[in-house]
1. Could you figure out which of (1) more than 24 Å from Glu32 (Cβ to Cβ); (2) surrounded by fewer than 19 Cβ atoms within 10 Å (Cβ to Cβ); (3) at pLDDT 95 or above; (4) within 14 Å of the ligand (Cβ to nearest atom) isn't true of Glu80?
2. Quick check on my filter: what residues within region 91-106 are surrounded by fewer than 21 Cβ atoms within 10 Å (Cβ to Cβ) and either among the small types (Gly, Ala, Ser) or more than 13 Å from the ligand (Cβ to nearest atom) (or both)?
3. Do we have Leu69 as crowded, with 17+ Cβ neighbours inside 10 Å and under 25 Å from Asn142 (Cβ atoms) here?
4. Might you let me know whether region 147-155 holds any residue that is touching a residue at least 40 places away in the same chain (Cβ under 8 Å) and either surrounded by 17 or more Cβ atoms within 10 Å (Cβ to Cβ) or closer than 23 Å to Gly34 by Cα (or both)?
5. How many residues does region 1-60 hold that are charged (D, E, K, R) and either within 16 Å of the chain's Cα centre (by Cα) or within 13 Å of the ligand (Cβ to nearest atom) (or both)?
6. Identify the single condition in (1) farther than 12 Å from Ser85 by Cβ; (2) buried (at least 20 other Cβ atoms within 10 Å of the Cβ) that Glu63 does not satisfy, given that it satisfies every other one.
7. For region 47-60, enumerate the residues that are within 10 Å of Val89 (Cα to Cα), free of Cβ contacts under 8 Å to residues at least 60 places away in the same chain and surrounded by 24 or more Cβ atoms within 10 Å (Cβ to Cβ).
8. What tally of residues in region 109-137 results from selecting those that are surrounded by fewer than 24 Cβ atoms within 10 Å (Cβ to Cβ), aliphatic (A, V, I, L, M) and outside any loop (DSSP other than H, G, I, E, B)?
Amino acid sequence: MESNSRSKFKIICVFCGSNPGHRKVFSDAAIELGNELVSRKIDLVYGGGSVGLMGLISQKVYEGGCHVLGVIPKALVPIEISGESVGDVKIVSDMHERKAEMASQADAFIALPGGYGTMEETLEMITWAQLGIHKKPVGLLNVEGYYNSLLTLFDNGVEEGFIKPGARDIVLAAPTARELLSKMEVLTLANFLYLFVMFKGIPRFNHSLRLVLFFH
Ligand SMILES: C/C(=C\CNc1ncnc2c1ncn2[C@@H]1O[C@H](COP(=O)(O)O)[C@@H](O)[C@H]1O)CO
């Protein structure tokens with residue numbers, strides 16, 4: 001079903017498994033996220049190729065009429081490695097350039113279930129947010145609790161003093177694509193309002209509001 005309002009996001013980067021996982025629920029989640037992006041008219045940037053969940057989501061978004069950009073390092077281009085991509089493909093020299101390119105193109109990041117590659121890419125975007133390199137939301141699509149143990153590890157990092165409580169909030173999570181995108185939209189709107197009030201201000205309430213927001 002098509003949504004009435006345009007999303008705050010024009011293009012979202014999805015990290016996901018180059019394998020489909022053992023259970024159908026993961027493929028279903030990739031397809032559902034693809035449908036949700038299409039209904040909100042959000043374009044996709046991803047790792048290129050047609051293997052695993054990457055193939056499923058890119059196909060869905062492409063068929064739904066949104067733009068798909070695959071960013072793929074030279075070494076993964078041969079079709080027997082990554083399969084044939086849909087949409088546009090940008091070939092880059094290595095994995096580092098791929099990540100930087102995906103990060104600069106996207107307004108937000110979502111991780112579907114995946115393996116080391118997915119986790120590494122997602123963790124890097126979280127780290128960049130922590131360092132202030134970007135202010136884009138990062139969401140985990142926690143399909144059937146796939147990311148529960150990672151989220152628990154983050155909580156433990158806070159408990160043990162390695163992750164600041166504020167930095168823990170960088171990571172959003174939800175069990176469905178719809179809920180996750182809604183949470184990410186709300187966060188983006190809140191950040192926008194925060195910046196607006198900090199820099200433009202609201203006449204009369206200006207000073208006190210700034211103080212409240214600053215100490216929030
Ligand atoms: C080795 C396998 C497939 C290789 N093909 C890939 N093609 C494109 N991108 C890939 C590939 N493998 C990994 N990636 C990147 O890492 C992420 C997924 O890694 P994961 O370990 O499967 O989570 C993905 O976002 C790509 O950027 C067969 O496994």
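1. (3)
2. Ser93, Ala100, Ala103, Ser104, Gln105
3. Values: crowded, with 17+ Cβ neighbours inside 10 Å: yes; under 25 Å from Asn142 (Cβ atoms): no.
No; evaluated as a whole, the condition is false for this residue.
4. no
5. 7
6. (2)
7. Passing the criteria: only Gly48.
8. Summing the residues that are surrounded by fewer than 24 Cβ atoms within 10 Å (Cβ to Cβ), aliphatic (A, V, I, L, M) and outside any loop (DSSP other than H, G, I, E, B) in region 109-137 gives 4.
The values are calculated or read from the model by the stated rules, or taken from the named source; none is laboratory data. Keep in mind the model is a prediction, meaning the values are calculated, not measured. Note that each Cβ is placed from the backbone with ideal geometry, even for glycine, and that neighbours are counted across all protein chains shown.
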